[in-house]
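Here's the structure we're looking at; comments come further down.
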Amino acid sequence: MNDEVKEILIDLIDYYNLIGTENDPGFEPFADVVGRASKALERHAIEQKGSETQRSLDVDPFCMKALEETSPFKHENDLY
């Protein structure tokens, strides 16, 4: 977990602790935290796409293209 994610979680917890009190900030701070979290997730997804090695979670076991590249078995549409 990097520092940006920690800061987002801390801000989310601080917001949660203020809900329902006389210092309730309303919805705007929550929307700001959600926006920051969304941007962080997008950056993380872009960074993960850039990595050459795939993790097991990144491979769809039912995708025929993934099987065609490494599979020693014939596909049902292969003639020979």
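The values are calculated or read from the model by the stated rules, or taken from the named source; none is laboratory data. Just so you know, these numbers come straight off a predicted model, no measurement behind them. No Cβ is skipped: glycine too gets one built from the backbone with ideal geometry, and neighbour counts run over all protein chains shown.
Before we move on, is Asp32 part of a helix (DSSP H, G or I) and either exposed (fewer than 13 other Cβ atoms within 10 Å of the Cβ) or at pLDDT 80 or above (or both)?
yes
Output yes when any residue across segment 37-50 is at pLDDT below 75, outside any helix (DSSP H, G or I) and either surrounded by 10 or more Cβ atoms within 10 Å (Cβ to Cβ) or not charged (D, E, K, R) (or both), and no when none is.
no
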